[in-house]
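Presented below is the structure to which this report refers.
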Amino acid sequence: MIQIYQLEGFYRVAMAGGYARAAREFPYPITQPGVHAQVRRLERELGVRLFEQAAKDRSVPTRAGRTLLAFCAPFFDELPNVVRTIGRGAAAGRLRIQAGALEIQEILPAWMRRVRTAYPDIDLELGEIDGPDYTRLFQDRVDLIVDHQPQLPRGVSSLVVGSHYSFLVAPAHHPLVRRQRATPAAFSREPFVAFSANLPHQGMQFSALRALGAEPRRITRAPSVASILSFVAAGLGYSLVPWPAKHGPRSRGVAVIPLRGKGTSFPIVASWRTTSEPDAVLQAVLGLARPSASRRSRAMS
C-alpha cells in the first residue's frame, strides 16, 4: 500500500533533482539514505522505476515518474498554503448552497456579489431545490439551505435573510381588475393556477386562500412562479404567488395586487448544521446576508 511519506520523498527528489539536495530541503530532519529508502519502497509498490541518473549528482523522473509527479505535485505545492489558511481561520474554501428558484433569482445575486467582493477566496457552489432537504445537511452534502423553512429540525441553526410577500395575480384585462374589485374572494369562481402538487408552496397557497375567504374550484398546476405568471397572462386563471420584494413580480399582461394582513408575509431563512467548531467561511457568508439586518442567528436545540 502506498504511503503518503513515500510520495513526499518522491516529490522532493523530483523537485530538487537529486537525493542529497532533497534531504537538505526536507522540512524535518532526514538523511539521504532515508529519502532513498522512501523512493525505493514506492518503486517496489508500483513495480516501476521512478528516477534515472541524468548526471553524477542529478536524478530526473522517468516517464512513469513524470506521470506520478503531475498527480501529486499540486497537493504538495498547495499544502503549505492550506495549512496557513486553516491556522489563521481565514475565510477561504468552498461553500455549497442549495436554494429555491425565487431565492436564486432575487435574493442570492446581490448577496453573493457582496461575498465575492469581500472574500474572493471563497468558492461558491449553487444548486436549485424544490424544498429543503435537511438530510443533505446532516450528511455534509450541502453547507447552507436558503428557502422558506417554517419548521427546522433539531441540530439546525438559522438566520432570517429576507421575506416573501404574497400577491394576487390575475389577467390584466379581467373585468374585476378593471373595476378594481380584484380580491381572492371575488375570483373564487375563476380557475386557479396552483403550484405543482409535489411542491410545498401549493399547501401554502390553499391555506392562504381559505384564510382570505376563497376556495379554488377548477385548478391548473404549474411548476414555478414564472410558469404561473405565464398561465395567468394567457387568461387561464388567477393565482396567489410569493415574491421576495415588496413591489412583486412584473410580467406583461398580469395585474399584481399586494395582499395585506396576517399571514401574507413570511421569512426566507438560511439554515445550516449546528457544529461545535466555528466555520470561518460560513460565518463570513452569513455576515453579508443582509447589509442592514441583525446578524443574530438562532440555534435550534
Treat the count of other C-beta atoms within 10 Å as a stand-in for reagent exposure and order V177, V13 from fewest to most. V177, V13
With 0.36 nm assigned to each residue of separation and the Cα-Cα distance removed, A245 to R114 gains 45.3 nm
Given an 8 Å cut-off on Cα distances and at least 6 residues of separation, report the relative contact order of segment 4-88 as a percent. 28
How high is the relative contact order of the chain, given as a whole-number percent (alpha carbon pairs under 8 Å, six or more residues apart)? 21
Name the residues whose placed amide hydrogens come within less than 5 Å of the amide hydrogen of G93, ignoring near sequence neighbours (fewer than 5 apart) on the same chain. I122, D123
Taking the alpha-carbon centre of each part, the distance from segment 190-205 to segment 12-80 in Å is 64
Going by alpha carbons, how many degrees (0 to 90, nearest 10) lie between the helix axis of 4-16 and the longest principal axis of the chain? 70
Residue-span extension gain [E25 to R44] - 0.36 nm each, minus C-alpha spacing: 4.4 nm
If you fit an axis through the alpha-carbon atoms of helix 200-211 and take the longest principal axis of the Cα set of the chain, what angle between them do you get, 0 to 90°, nearest 10? 20
Taking the Cα atoms only, what angle lies between the long axis of helix 63-88 and the longest principal axis of the chain, rounded to 10 degrees? 60
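For segment 1-105, with only Lys/Arg (+1) and Asp/Glu (-1) charged at the beta-carbon, what is the dipole magnitude about the Cα centre, in debye rounded to 20?
My answer is approximately 240 debye.
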Theoretical ellipticity at 222 nm over the chain - DSSP helices of four or more residues, -39500 (n - 2.57) apiece, nearest 500: -11000 deg cm²/dmol
Expressed as a rounded percentage, what relative contact order does segment 163-265 have, with Cα pairs under 8 Å and six or more residues apart? 46
Along its three principal axes, how long is the chain when you only count alpha carbons? Whole Å, largest extent first please. 97, 38, 32
Could you list which residues have their amide H under 5 Å from that of T220, counting only those 5 or more apart in sequence or on another chain, with H placed in the peptide plane? F192, V193, A194
Listing D123, D143 by rising number of other beta-carbon atoms within 10 angstrom, fewest first, gives D123, D143
With a 10 Å Cβ neighbour count serving as the proxy for reagent exposure, in which order, fewest first, do F206, F187, F266, F71 appear? F71, F266, F206, F187
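Every number here is computed from the coordinates shown, using simple stated rules; none is lab data. Being a predicted model, the structure only gives us computed values, none of them experimental. Here Cβ is always computed from backbone atoms with ideal geometry, including for glycine, and neighbour counts include all displayed protein chains.
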